Amino acid sequence: MTRSVTARVPAKVNVQLAVGGLRPDGFHDLANVFLAVGLYDEVTATPADDLRITVSGADADSVPLDRTNLAARAALALAERHGVEPRVQLHIDKDIPVAGGMAGGSADAAGALVACDALWGTAASRAELLEICAELGSDVPFSLVGGAALGRGRGELLTPLETGGTFHWAFAVAEGGLSTPAVYRECDRLRAADGQGATVDDVPDPEPSAALLEALRTADAAALAAAVTNDLQSAALSLRPALADTLRAGTDAGALAALVSGSGPTCAFLAEDAEAAAAVAKALAASGTCRAVRVAAGPAAGAAVVPG
């Protein structure tokens with residue numbers, strides 16, 4: 001019987017995304033506070049004649065099936081390091097919105113690494129997996145780690161954060177996606193247009209909010225709501241003005257905080273408890289300002305093999 005391994009990996013919301021100026025290498029330094037939430041993709045690795053990608057679930061037709069897929073790149077990177085032929089089928093069962101600012105592609109890469117490591121018996125160390133993750137993308141290391149963490153550098157240098165309890169969220173999924181590089185370019189453009197400048201010489205170094213970190217530690221939803229920020233939100237709204245209506249609908253429905261998740265266009269709404277999150281989700285679904293609504297809580301565990 002052909003053995004397969006399935007890994008489950010969570011989505012993320014950025015409760016703080018502080019963006020520094022444009023670096024000479026084209027990236028930005030970040031103070032990125034990640035919170036993993038309980039929306040999951042599952043990546044199943046099965047022996048095959050060659051590397052193949054298949055996808056099912058929400059927005060499956062938007063996911064690339066070639067070697068540009070981050071999950072494929074993850075499998076290739078692990079195989080190359082350990083001298084393994086990457087003969088594997090990776091089936092991705094999507095539940096995280098695609099191109100929605102919730103790290104769906106990054107999650108799939110982390111899931112593929114964990115699943116292939118178990119399938120091939122490569123016994124990669126945690127440090128090695130994190131190193132591969134960082135090579136693949138800024139959000140991939142957090143998808144492996146989960147929980148809550150502060151990301152520095154491009155977001156890939158992680159420090160785990162203490163959380164004292166559960167935070168409840170509603171997420172409004174927009175029609176279509178937003179390109180993360182395009183949102184960063186718009187952020188730079190808006191900063192330059194405002195006269196403040198957009199480079200590292202113009203923009204202060206990004207720092208995490210002490211009040212936000214304390215709110216996470218004490219599980220104080222109201223204090224977290226008062227501290228959440230996203231420096232990319234104005235850029236996402238500039239590229240997709242209709243998101244303002246979505247944010248307003250969630251706020252009107254009683255959300256403690258409303259913000260664009262990462263580079264968007266998914267909007268995230270922090271609620272007081274599970275019942276309040278369900279009420280916000282119901283109002284958003286009825287508002288006509290989004291194509292789908294999801295409810296989830298965090299922190300959630302990072303990428304892990306699903307027991308067979």
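For Phe167, which sequence-distant residues (separation of 5 or more, or a different chain) have an amide H within less than 5 Å of its own amide H, given hydrogens modelled in the peptide plane?
Gly298
Mind listing the long-range amide H neighbours of Ser261? Cut-off is under 5 Å, sequence gap 5 or more, other chains count too, H placed in the peptide plane at 1.01 Å from N.
Thr266, Cys267, Ala268
If R0 is 30 Å, what FRET efficiency do you get for Arg3 and Arg81 from their C-beta distance, rounded to 0.05? Kindly include the intermediate steps, with their values, before the conclusion.
On the way: r = 22 Å, r/R0 = 0.72.
Given R0 = 30 Å and the Cβ-Cβ separation, E is 0.85.
Each residue of region 235-248 in order: what ³J(HN,Hα) in whole Hz does its phi give by Karplus 6.51 cos²θ - 1.76 cosθ + 1.60, θ = phi - 60°, with x for Gly and Pro?
5, 4, 5, 5, 7, 9, x, 5, 5, 4, 5, 5, 4, 5
Over the chain, what is the relative contact order in whole percent, taking alpha-carbon pairs under 8 Å and six or more residues apart? Display every interim value, and only then the final one.
On the way: 778 pairs, mean separation 81.0, N = 308.
So the answer I get is 26 percent.
Can you give the angle from 0 to 90° between the axis of helix 70-82 and the longest principal axis of the chain, with both taken from C-alpha atoms, to the nearest 10?
It is inclined by approximately 50 degrees.
Let a ≥ b ≥ c be the square roots of the eigenvalues of the Cα gyration tensor of region 80-190; is it rounded (a/c under 1.5), or, if not, prolate (a/b larger than b/c) or oblate? Please report the intermediate quantities before stating the final value.
Numbers: a/c = 1.62, a/b = 1.45, b/c = 1.11.
Since a/c reaches 1.5 and a/b is larger than b/c, the shape of region 80-190 is classed as prolate.
Can you tell me the orientation of helix 126-136 relative to the chain, as the angle in degrees between its alpha-carbon axis and the longest Cα principal axis, to the nearest 10?
It works out to around 70 degrees.
I want to make sure I understand the PRE zone here: with the label point 7 angstrom from the Cα of Arg291 toward its beta carbon, which residues in region 161-175 have backbone N atoms less than 12 Å away?
Residues 173-175 fall inside that zone.
Which length gain, in nm to one decimal place, applies between Ala223 and Arg67 when the Cα-Cα distance is subtracted from 0.36 nm times their residue separation? If you can, show how the numbers build up before the last one.
Numbers: separation 156, 0.36 × 156 = 56.16 nm, distance 4.31 nm.
Extending this stretch completely gives an extra 51.8 nm.
For region 140-157, take each phi angle, set θ = phi - 60°, evaluate the Karplus expression 6.51 cos²θ - 1.76 cosθ + 1.60, and give the result in whole Hz per residue in order, putting x for glycine and proline.
Each residue's phi maps through the Karplus curve to give 5, x, 5, 4, 6, 7, x, x, 9, 7, 9, x, 10, x, 7, x, 8, 8 Hz.
Picking from Gly153, Gly121, Gly101, which is most flexible by a Gaussian network model of the chain using Cα springs under 10 Å?
It is Gly121.
Taking the Cβ of Leu224 as the centre, find all other residues whose Cβ is under 14 Å away and add up their charges (Lys, Arg: +1; Asp, Glu: -1). Mind showing how you got there, number by number?
Working: positive: Arg217; negative: Glu162, Glu214, Asp220, Glu272, Asp273.
Value of the local net charge: -4.
Between region 1-70 and region 191-213, what is the C-alpha centre distance in whole Å?
First find each Cα centre; the distance between them is then 27 Å.
A short reminder: the numbers here are calculations on the coordinates, not readings from a lab. From a predicted model like this one, the values you see are computed outputs, not experimental measurements. Glycine gets a Cβ as well: all are built from the backbone with ideal geometry, and neighbour counts include every protein chain shown.
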